[in-house]
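Colleague: Structure in structure tokens, see below.
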Amino acid sequence: ASKIGVGGAMALGLAGMGAGYSLVTFAHGAGPASIALLVGQQLLGDSLGTIYFVNQISVVQKISPPQMLGRVVAGMRFLSLGAGLIGALIGALIGEAVGLRYAIRAGTILLFLAAGIIMVTPIRDPDLINDESGTSESVR
């Protein structure tokens, strides 16, 4: 993250998750090609997803006041689990209406869209979070 910045690493992680999940849509049957695609998803998507999640929580820890950190993390967890529940419902409706592969593709498009949004926000700036002071004035 030091070369491309925290935002760049987060965008790369989300785009990698999207690329990994898109591999799942090409897996058909139980042959070696499908196994390779599913393993590829695990290696690509999960590895780069970890980069996103580590950087995301690092940003939260860096910009949150220490006395509020628990509340901020709990609030974010509540919102993300709620959004995941709503997303699962929408994904199920899309899957039922047009098929599971299209529902997964819709999810991958949203991951790429989220990566693009990160790249046009101030978090993409490599100097946003500086290690010397512990916080950044441009965030607060």
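Colleague: What spacing in nm lies between the two simple spin-label points modelled at E96 and L69, each 7 Å away from Cα in the Cβ direction?
Modeller: A separation of 4.3 nm, rounded to one decimal place.
Colleague: Still on this structure, I have one more. Around T25, what is the net charge, scoring Lys/Arg as +1 and Asp/Glu as -1 over all other residues with Cβ under 12 Å from its Cβ?
Modeller: It works out to a net charge of +2.
Colleague: What's the Kirkwood radius of the chain in Å, using all Cα pairs?
Modeller: Answer for the chain: a Kirkwood hydrodynamic radius of 16.6 Å.
Colleague: Just to make sure I understand: if all protein chains stay in place, what is the order of Y21, Y52 by accessible area at 1.4 Å, largest first?
Modeller: From most exposed to least exposed: Y21, Y52.
Colleague: Please give the helix 32-41 orientation as an angle from the longest Cα principal axis of the chain, in degrees from 0 to 90, rounded to the nearest 10.
Modeller: Roughly 20 degrees, rounded to the nearest 10.
Colleague: Still on this structure: For helix 47-63, report the angle its Cα long axis makes with the longest principal axis of the Cα atoms of the chain; keep it between 0 and 90° and round to the nearest 10°.
Modeller: 30
Colleague: Still on this structure, please answer the following. Where nothing but the Cβ of Lys and Arg (+1) and of Asp and Glu (-1) is charged, how large is the charge dipole of the chain around its Cα centre, in debye to the nearest 20?
Modeller: In total the dipole reaches around 240 debye.
The values are calculated or read from the model by the stated rules, or taken from the named source; none is laboratory data. Predicted, not measured: the structure shown is a model, and the values here were computed from it. Because the Cβ atoms are built from the backbone with ideal geometry, glycine has one as well, and the counts that use them run over all protein chains shown. We work out accessible area using only protein heavy atoms, side chains counted, and drop any ligands, DNA or RNA first. Shrake-Rupley method; radii C 1.70, N 1.55, O 1.52, S 1.80 Å.
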